[in-house]
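The structure under discussion appears below in the form of structure tokens.
The values are calculated or read from the model by the stated rules, or taken from the named source; none is laboratory data. Everything numeric in this text was worked out from a predicted model, so none of it was measured. We place every Cβ from the backbone using ideal geometry, glycine too, and count neighbours over all the protein chains shown.
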Amino acid sequence: MSIGIVGTGISGLHLALRLRQSGVDATLYSAQDPDEIRSGPPLNFVTRFASTRERERALGLTEWESDAFDNAWVHMSVEAPGGPSFRARLPRPASSVDFRMYLAALLEEYRRRGGSWVRERVADRDGLLRLGERHELLVVAAGRGALTDVFPRDPARSPYTSAPRHLAGGLFDGVRPTEEPGMAMHVVPGAGEIHAPAYHSFTGRVTALLVEAVPGGPFTAVTDRDHREDPGRFVEELLELITAYAPSLRARIDAREFAPARPVDLMRGAVVPGVRRGWARLADDRYALAVGDAWITNDPLTAQGANLGSALAFQLADALREHSGPYDEAFCRTVSERMWATARPVVDWTNLFVGPPPPQLDTLLTAAAADQRVADAYVARLDRPDAMWQCVRSPESTAEFIEEARSVRSDV
């Protein structure tokens with residue numbers, strides 16, 4: 001059995017490492033080597049929840065086990081007069097490590113364990129066809145560029161045709177940690193959100209700031225400007241935005257020290273959430289499966305993308321290890337639908353939250369601010385997307401969740 005894996009994001013690397021661990025022959029293809037991954041600008045600011053960390057332990061990855069990399073708390077603030085705010089401790093700590101460091105280290109570990117790696121840019125269907133001649137099955141985990149056109153968009157599962165948020169941010173010095181270091185979210189009704197998690201990067205402990213702007217709103221003054229044209233002005237305007245719209249975040253910033261950790265540590269972009277068909281026929285007897293961002297793209301608002309990518313990589317690795325027949329259309333269709341059952345709660349939850357604010361969201365946040373039991377129960381579901389979706393999918397389900405959380409006897 002020979003598997004080709006295209007892409008070295010978390011899905012491709014966790015899949016490659018898991019197959020290597022299981023004794024399944026696989027070759028990993030990527031356009032960048034570890035040093036190039038480390039040296040580029042950030043593409044995202046990932047928090048890995050406890051379930052993903054468990055999978056890392058199963059892979060024997062221990063580099064980030066120290067609690068120095070932990071984010072144990074979640075802080076939520078609605079930045080409006082009388083807006084609710086609360087904090088809650090995750091049942092098990094998450095970890096926020098610069099993904100450039102993380103992915104480069106995983107690629108090096110895969111190679112150290114004897115995994116086959118080829119530096120090769122695979123940019124389109126023709127490139128996949130060439131690889132298809134070398135392998136019985138291709139798994140595409142690279143979610144950018146023309147390569148994703150191989151997998152048509154699934155309109156029934158993709159309600160957005162344009163980006164519901166515009167993004168800009170970076171890694172910054174000069175931001176004092178929250179009282180209990182962790183992940184902070186500042187919600188500004190009608191304008192967007194500002195993520196501000198404590199983060200471990202190349203220079204040590206920093207703060208990742210990511211502005212998610214509602215198109216046409218006031219935050220787009222920052223997100224729609226190319227920071228490369230005038231980085232200094234971008235930073236000044238970002239601080240002005242925080243001052244005007246997120247005073248609780250501004251209170252933690254020393255304006256004299258507020259600056260990108262390194263010039264390369266700034267980013268901007270936009271994500272059109274969507275689901276593509278999970279498989280494609282390349283030739284008469286060759287197929288490609290999509291996983292990770294090649295299959296599903298989620299806005300970062302719910303911090304689920306990388307965690308879902310890891311979960312699907314393990315699920316796919318199990319299916320490949322256990323399968324003894326041909327990698328035909330039936331196999332690809334069946335595996336894709338099984339993975340969709342895992343992915344759907346994440347997709348539905350994220351799509352709900354990046355749309356017009358549902359009434360149950362205000363109900364939920366207000367209840368969490370008033371009752372620590374509700375806050376704790378809500379934060380605990382950040383690592384349980386299926387349970388979170390059941391909590392937020394309708395006003396009725398949210399009311400049931402709140403009632404159930406309030407029925408738990410407090411230890412205080």
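How about the range 169-202: which of its residues are outside any loop (DSSP other than H, G, I, E, B), under 24 Å from Leu382 (Cα atoms), aliphatic (A, V, I, L, M) and more than 17 Å from the chain's Cα centre (by Cα)?
Initial filter on the range 169-202 (outside any loop (DSSP other than H, G, I, E, B)): 169-173, 175, 182-188, 192-195, 198-201.
Subset that is under 24 Å from Leu382 (Cα atoms): 169-171, 182-188, 192-195, 198-201.
Still in the list and also aliphatic (A, V, I, L, M): 171, 183-185, 187-188, 194, 198.
Those that are outside any loop (DSSP other than H, G, I, E, B), under 24 Å from Leu382 (Cα atoms), aliphatic (A, V, I, L, M) and more than 17 Å from the chain's Cα centre (by Cα): Val187, Val188.
Name the pairs whose Cβ atoms lie under 7 Å apart, with the first residue in the range 200-229 and in the same structural domain as Leu249 (by TED's automatic domain parsing), the second of a type in the set (Gly, Ala, Ser) and exposed (fewer than 15 other Cβ atoms within 10 Å of the Cβ), and 6 or more positions between them or separate chains?
Here the result reads Val214/Gly190; Gly217/Gly190, each pair linking the range 200-229 to a residue that is of a type in the set (Gly, Ala, Ser) and exposed (fewer than 15 other Cβ atoms within 10 Å of the Cβ).
Is one or more of the residues making up the range 194-202 under 17 Å from Leu43 (Cα atoms), touching an Asp or Glu at 6+ places or on another chain (Cβ under 6 Å) and hydroxyl-bearing (Ser, Thr, Tyr)?
Looking through the range 194-202, at least one residue is under 17 Å from Leu43 (Cα atoms), touching an Asp or Glu at 6+ places or on another chain (Cβ under 6 Å) and hydroxyl-bearing (Ser, Thr, Tyr).
Pick out the one residue from Phe86, Phe151 that is of a type in the set (Phe, Trp, Tyr), closer than 30 Å to His200 by Cα and in contact (Cβ under 8 Å) with a residue 60 or more places away in the chain.
Values: Phe151 fails: closer than 30 Å to His200 by Cα.
Among Phe86, Phe151, only Phe86 is of a type in the set (Phe, Trp, Tyr), closer than 30 Å to His200 by Cα and in contact (Cβ under 8 Å) with a residue 60 or more places away in the chain.
List pairs: first residue in the range 238-258 and over 14 Å from Glu193 (Cβ atoms), second residue of a type in the set (Asp, Glu) and surrounded by fewer than 19 Cβ atoms within 10 Å (Cβ to Cβ) anywhere in the structure, Cβ distance under 7 angstrom, at least six positions apart or on different chains.
Glu257/Asp173
Hand me the list of helices (runs of 4 or more DSSP H) wholly inside the range 1-79 holding 3 or more residues that are small (Gly, Ala, Ser) and crowded, with 24+ Cβ neighbours inside 10 Å. Please lay out each step first, then the result.
Numbers: elements: 10-22, 34-39, 50-58.
Once the helices (runs of 4 or more DSSP H) in the range 1-79 are filtered for at least 3 residues that are small (Gly, Ala, Ser) and crowded, with 24+ Cβ neighbours inside 10 Å, what remains is 10-22.
Of everything in the range 278-328, what is under 17 Å from Trp340 (Cβ atoms), without any contact (Cβ under 8 Å) to a residue 60 or more places away in the chain and among the polar types (S, T, N, Q)? Give them in sequence order.
Answer for the range 278-328, where residues must be under 17 Å from Trp340 (Cβ atoms), without any contact (Cβ under 8 Å) to a residue 60 or more places away in the chain and among the polar types (S, T, N, Q): Asn298, Gln315.
Determine which single condition Ala31 fails, assuming it passes every other condition in (1) hydrophobic (A, V, I, L, M, F, W, C); (2) in contact with a helix residue (DSSP H, G or I) (Cβ under 8 Å, 6 or more places away or on another chain); (3) closer than 26 Å to Leu147 by Cα.
(2)
Of the numbered conditions (1) part of a strand (DSSP E or B); (2) charged (D, E, K, R); (3) within 17 Å of the chain's Cα centre (by Cα), Arg205 satisfies every one except a single condition; which is it?
(3)
If you take the residues of the range 149-168 that are among the hydrophobic types (A, V, I, L, M, F, W, C) and not in a loop (DSSP other than H, G, I, E, B), which of them is surrounded by the most Cβ atoms within 10 Å (Cβ to Cβ)?
Looking only at the range 149-168, we keep the residues that are among the hydrophobic types (A, V, I, L, M, F, W, C), and these are 150-151, 156, 163, 167-168.
This time we only want the ones that are not in a loop (DSSP other than H, G, I, E, B), so: 150, 156, 167-168.
Values: Val150: 22, Ala156: 7, Leu167: 23, Ala168: 26.
Among those that are among the hydrophobic types (A, V, I, L, M, F, W, C) and not in a loop (DSSP other than H, G, I, E, B), it is Ala168.
Which of the residues spanning the range 155-184 are aliphatic (A, V, I, L, M), touching a residue at least 24 places away in the same chain (Cβ under 8 Å) and farther than 26 Å from Arg256 by Cβ? Let's see the steps before the verdict.
Going residue by residue through the range 155-184, those that are aliphatic (A, V, I, L, M) are 156, 163, 167-168, 171, 175, 183-184.
From the residues that got through so far, the ones that are touching a residue at least 24 places away in the same chain (Cβ under 8 Å) too are 163, 167-168, 171, 175, 183-184.
Of everything in the range 155-184, those that are aliphatic (A, V, I, L, M), touching a residue at least 24 places away in the same chain (Cβ under 8 Å) and farther than 26 Å from Arg256 by Cβ turn out to be Ala163, Leu167.
With the requirement that a residue be basic (Lys, Arg), part of a loop (DSSP other than H, G, I, E, B) and touching a helix residue (DSSP H, G or I) at 6+ places or on another chain (Cβ under 9 Å), what does the range 122-145 give you?
Taking the range 122-145 and keeping what is basic (Lys, Arg), we get 125, 130, 134, 144.
Right, trim to part of a loop (DSSP other than H, G, I, E, B) and you get 134, 144.
Within the range 122-145, Arg144 is the sole residue that qualifies.
For the list (1) over 23 Å from Ser77 (Cβ atoms); (2) assigned to a helix (DSSP H, G or I); (3) in contact (Cβ under 8 Å) with a residue 12 or more places away in the chain, I need the number of the one condition that Asp376 fails.
Result: Asp376 fails condition (1) only.
Among the residues of the range 354-371, which ones are surrounded by fewer than 17 Cβ atoms within 10 Å (Cβ to Cβ) and assigned to a helix (DSSP H, G or I)?
Pro359, Leu361, Asp362, Thr363, Ala370 - these are the residues of the range 354-371 that are surrounded by fewer than 17 Cβ atoms within 10 Å (Cβ to Cβ) and assigned to a helix (DSSP H, G or I).
Would you mind stating whether Pro42 is in contact with a strand residue (DSSP E or B) (Cβ under 7 Å, 6 or more places away or on another chain) and not assigned by TED's automatic domain parsing to the domain that holds His323? First the steps, then the outcome.
On the way: in contact with a strand residue (DSSP E or B) (Cβ under 7 Å, 6 or more places away or on another chain): yes; not assigned by TED's automatic domain parsing to the domain that holds His323: no.
When the stated conditions are applied, Pro42 does not pass them.
Those residues that are part of a helix (DSSP H, G or I) and either in the same structural domain as Val264 (by TED's automatic domain parsing) or not hydroxyl-bearing (Ser, Thr, Tyr) (or both), I need them from the range 96-116; list them, please. Spell out how you get there, then give the answer.
As a first pass, look at the range 96-116 and keep what is part of a helix (DSSP H, G or I): 99-112.
Within the range 96-116, Phe99, Arg100, Met101, Leu103, Ala104, Ala105, Leu106, Leu107, Glu108, Glu109, Arg111, Arg112 meet the criteria.
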